[in-house]
Amino acid sequence: MAVTSRPVMAGPGRALPSGASKWEIREKVWEHLEASGLAEFPRPVRGRIPNFKGAAHAAARLRGLPAFRAARAVKTNPDAPQRNARFLALEARKTLLVPTPRLRTGLFNRIVPPPGATKEILRRCATSQGVRDYSVPVGLDGKAQVDLVIVGSVAVSEKGWRIGKGEGYADMEYAMMVSMGAVQEDTPVVTIVHDCQVLDIAEELLDDHDLTVDYILTPTRTIQTNCKRPKPQGIMWHKVSSEMLGKIPILKTLRSREKQAGKDVTLQDEHPALANTSRAAISNKKVMAANTQPWAAPGSAPVGQHVESDPVNSKLEGSDTITTVYVGNLPGSLRVSELKSALRELQVTPVRLSWQGAQHRAFLDYRDPGAADRAVSSLQGLSLGGNALRAELAKNQRSKGQGETNTHR
């Protein structure tokens with residue numbers, strides 16, 4: 001099977017504005033897949049690693065990939081477009097490892113088909129239900145060795161730059177595999193996408209924790225990227241929050257092991273520069289548990305209610321005067337995690353986020369007025385879910401004595 005590297009610019013690529021952010025690229029791809037009739041179940045594809053017409057045919061190109069034929073153990077994500085990849089690994093009698101959903105109960109499950117499984121049963125094992133019914137967990141002491149990694153993508157470039165759905169799980173899974181010794185520097189990484197998902201992506205959009213790919217399989221092509229950019233060398237603890245550590249139990253074990261090995265495992269919110277934020281987060285533990293918004297701060301209201309704040313005079317615990325940014329015209333289907341992901345990628349993360357999805361708005365608190373101005377500039381007109389956002393500094397209209405903030409109606 002020929003491995004090609006000729007340029008491609010299909011589908012949404014022609015419409016991508018210069019300097020498009022990761023989130024804008026995702027939105028264009030999701031929108032194009034739906035509008036062109038290429039999207040497959042589960043629908044809508046927005047917010048997902050998208051399934052597409054021709055996914056099984058694209059995955060079939062694995063048979064012609066020497067790295068796949070040589071692999072004894074294959075790790076692939078559990079998303080729908082990789083279903084045929086999972087089947088092919090099982091059919092070839094390879095060890096198949098699939099990450100546990102959102103890494104809640106561990107890192108891997110190993111798919112174990114019943115003895116004498118027919119192709120029909122193997123296909124069932126490769127479905128999301130089959131992954132649940134025919135798998136056993138692999139612990140950290142299982143000495144897992146992965147010879148080929150298959151990841152999903154929302155967009156990818158021929159140079160190997162990859163954009164996922166924005167939650168960072170594929171990057172974290174790979175980093176954890178490095179930490180466990182399950183992958184080596186030369187372990188190949190493959191992604192399976194539609195041709196329209198292969199786009200020009202600026203390298204400037206990549207962070208040092210972003211996973212790159214070595215092969216791209218589409219319904220029409222097998223692309224070898226010859227990517228020279230180093231892959232993540234392990235878990236970057238300074239980018240891991242206490243919240244993430246709480247959500248992914250296996251991270252705690254890995255952190256303990258690396259700490260015993262003498263590595264610096266200081267978390268993102270444990271650094272001295274963020275000490276005040278950490279104290280505020282700890283004092284607000286009960287509020288955060290009820291609110292489930294990781295950027296909530298003391299005084300935050302439950303989900304759906306307005307957080308009282310005076311953008312001129314209010315203070316967060318241990319902070320200076322804050323500035324509040326109003327974000328409006330949020331689509332009803334938008335999840336708070338998607339907004340937070342966009343804010344991270346734009347590098348305008350607030351110290352507090354008040355989510356009012358039912359009112360199609362959110363309020364972002366910044367300690368630095370300059371950061372608030374940058375947030376307004378970055379968010380104004382940004383398209384999320386097909387809506388162009390409204391972003392501006394919030395106007396304090398507090399009526400004296402009412403103790404109430406009416407920030408934009």
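The values are calculated or read from the model by the stated rules, or taken from the named source; none is laboratory data. Just so it is clear, the model here is predicted, and its values are computed rather than measured. Cβ atoms come from the backbone with ideal geometry, glycine included; neighbour counts cover every protein chain shown.
Residues are listed down the side, and each one gets a yes or a no for (1) modelled with pLDDT of 95 or more; (2) over 26 Å from Val45 (Cβ atoms):
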position	(1), (2)
Glu91	yes, yes
Pro99	no, no
Arg102	no, no
Gln129	no, no
Arg132	no, no
Val136	no, yes
Gly142	no, yes
Leu148	yes, no
Ser153	yes, no
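Only strands (runs of 3 or more DSSP E) whose full extent lies in the stretch 40-126 are considered here, and the ones with at least 2 residues that are closer than 15 Å to Val190 by Cα are 73-76, 95-99.
Considering each residue of the stretch 128-166, count those that are surrounded by 16 or more Cβ atoms within 10 Å (Cβ to Cβ) and more than 15 Å from Leu217 (Cβ to Cβ), and give that number. Lay out the reasoning, then the answer.
Our first condition is that a residue be surrounded by 16 or more Cβ atoms within 10 Å (Cβ to Cβ); within the stretch 128-166, this holds for 130-131, 134-135, 138, 140, 142, 144-166.
Adding the requirement that they be more than 15 Å from Leu217 (Cβ to Cβ) leaves 130-131, 134-135, 138, 140, 142, 144-147, 154, 159, 161, 163-166.
Of the residues in that region, 18 qualify.
Among the residues of the stretch 342-367, just one is under 14 Å from Gly166 (Cα atoms), among the hydrophobic types (A, V, I, L, M, F, W, C) and either not in a helix (DSSP H, G or I) or not assigned by TED's automatic domain parsing to the domain that holds Leu389 (or both), namely Leu346. Restricting the search to helices (runs of 4 or more DSSP H) fully inside the stretch 238-284 and requiring at least 2 residues that are under 24 Å from Asn109 (Cα atoms), at pLDDT 85 or above and within 25 Å of the chain's Cα centre (by Cα) gives 249-260.
Can you tell me how many residues in the stretch 340-397 are touching a helix residue (DSSP H, G or I) at 6+ places or on another chain (Cβ under 9 Å), under 30 Å from Leu33 (Cα atoms) and among the charged types (D, E, K, R)? Number of matching residues: 2.
Of all residues in the stretch 106-127, those that are surrounded by fewer than 21 Cβ atoms within 10 Å (Cβ to Cβ) have Cβ atoms under 7 Å from Cβ atoms of residues that are part of a loop (DSSP other than H, G, I, E, B) and of a type in the set (Val, Ile, Thr), 6 or more apart or on another chain, in Gly106/Thr100. Scanning the stretch 302-341 for residues that are modelled with pLDDT of 85 or more and assigned to a helix (DSSP H, G or I) yields Val336, Leu339, Lys340. Kindly indicate whether Gln224 is more than 28 Å from Gly37 (Cα to Cα) and either modelled with pLDDT under 90 or surrounded by fewer than 22 Cβ atoms within 10 Å (Cβ to Cβ) (or both). So Gln224 fails the test.
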